[in-house]
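Down below is the structure, laid out as structure tokens.
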Amino acid sequence: MDRLPLMPITMMFAADQIGVPYRAYVTDYRVLAEAQIATAERYDLDYVSAISDPAREAFDCGASVTFFEDQPPAIDEANALLADKGRLSSLRAPNPRESQRMGDRLLAVGLLKREAGDRRLVEGWIEGPCAQAADLRGINNLMLDFYDDPPFVEELLEFVVAMEVEFARAQIDNGADSIGVGDAASSLVGPAIYERFIWPRQLRMVDAVRSMGAVVRLHICGDTRPLLSGMGRLGCEIVDLDYPAPMEMGRRAMGEAQVLLGNIDPVRVLLQGTPESVRKELEACWLQAGPRYIVGAGCEVARGTPDANMRAMTEFARSHP
């Protein structure tokens, strides 16, 4: 490739490109694939992704999930599946190939591979250990559990790792070239909890996916500054940085070999800025990151992002080797 790779996360933005309500995007793999391919072709992206929302695995485990016509599904935190911790002992991980929402993602990966895999990298997606534990237990409960009941947290995280590794395996079998690991909730814990509970499980997920021959993309939303060193030690091929964590700080913490992606502010810069400000911010990211850099926003491209701003991102990638 004679230019910088371009891999911004698009979900609601992608659905809007083909004029479909977001509920259709997250429940019908054919709609997701059509929207991803249309977006990738329009903006010359280097990949397509089966990412959609964090509620697929939890739904198939039996969690209460609320669906909306044109917004992402939401976990019903007030009625968390594991509000009663005793339920964990009888909880069984769903078979991704036989489950409703995990199965739909498998079908999306397969269709993306058939329709776009000869031109673009195909990305599957799983939830990271902290994020999925929070989806099953409830985020507030989990944060207290780290202090009040560490053995339960350990057991829950073991359940999550086993489930997510199998979900990743099924997506790779269906044609995924890379697996994104989204672990937003881990940005809410401090370094001590991260290193004790979360990092070892992230490492097992990363090692498992890499052993299957896929590339790993780690995506942790939020302020990850206290966790950057640990994130760099995971050995992921790609690490996304959200905008609260400066690119130069990520480079110092992770070393020159780590490929970094990001991390312009998806709202202040990409949604509300101008093509000139988009180019300026990307230039700063590229200079801080160095040559092992992938163009993208700090998190999901926001719905309503101007076409001109997206094209400025594309033009920046095309014009920088």
Q: Out of all DSSP beta bridges with both ends in the chain, state the antiparallel percent to the nearest 5.
A: 5
Q: Enter the angle in degrees (range 0 to 90, nearest 10) between the Cα long axis of helix 100-116 and the first principal axis of the Cα atoms of the chain, meaning the one along which they spread out most.
A: 30
Q) Arranged by the count of other C-beta atoms within 10 angstrom, fewest first, what order do 203, 287, 136 take? A) 287, 203, 136
Q: May I ask you to list the residues of segment 251-278 whose amide nitrogen lies under 18 Å from a point 7 Å from Cα along the Cα→beta-carbon direction of residue 318?
A: 275-278
Q: Would you mind getting me the FRET efficiency between residue 84 and residue 267? Use the beta-carbon distance for r and R0 = 41 Å, nearest 0.05.
A: 0.60
Q: Could you run the Karplus curve 6.51 cos²θ - 1.76 cosθ + 1.60 with θ = phi - 60° over segment 254-271 and give me ³J(HN,Hα) per residue in whole Hz, x for Gly and Pro?
A: 9, x, 6, 7, 6, 7, 10, 10, x, 9, 5, 5, x, 9, 4, 9, 6, 7
**Q.** Amide H within-cut-off set for residue 216, under 5 Å, with H built and near neighbours excluded
**A.** 179, 237, 238
**Q.** Estimated vicinal HN-Hα couplings, Hz - segment 203-216 in sequence order (Karplus 6.51, -1.76, 1.60; Gly, Pro = x)
**A.** 4, 5, 5, 4, 4, 5, 5, 5, 5, 8, x, 9, 7, 10
Q: Let me know the longest stretch in the chain that avoids all GluC sites (Glu not before Pro) found in a DSSP loop with at most 13 other C-beta atoms within 10 Å.
A: 70-255
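Any read-out appearing in this document is the output of simple, stated calculations on the displayed coordinates, not a laboratory observation. Everything numeric here is computed off the predicted structure, so don't read it as measured data. Heads up, the Cβs are rebuilt from the backbone with ideal geometry, glycines too, and the neighbour counts pull from every protein chain shown.
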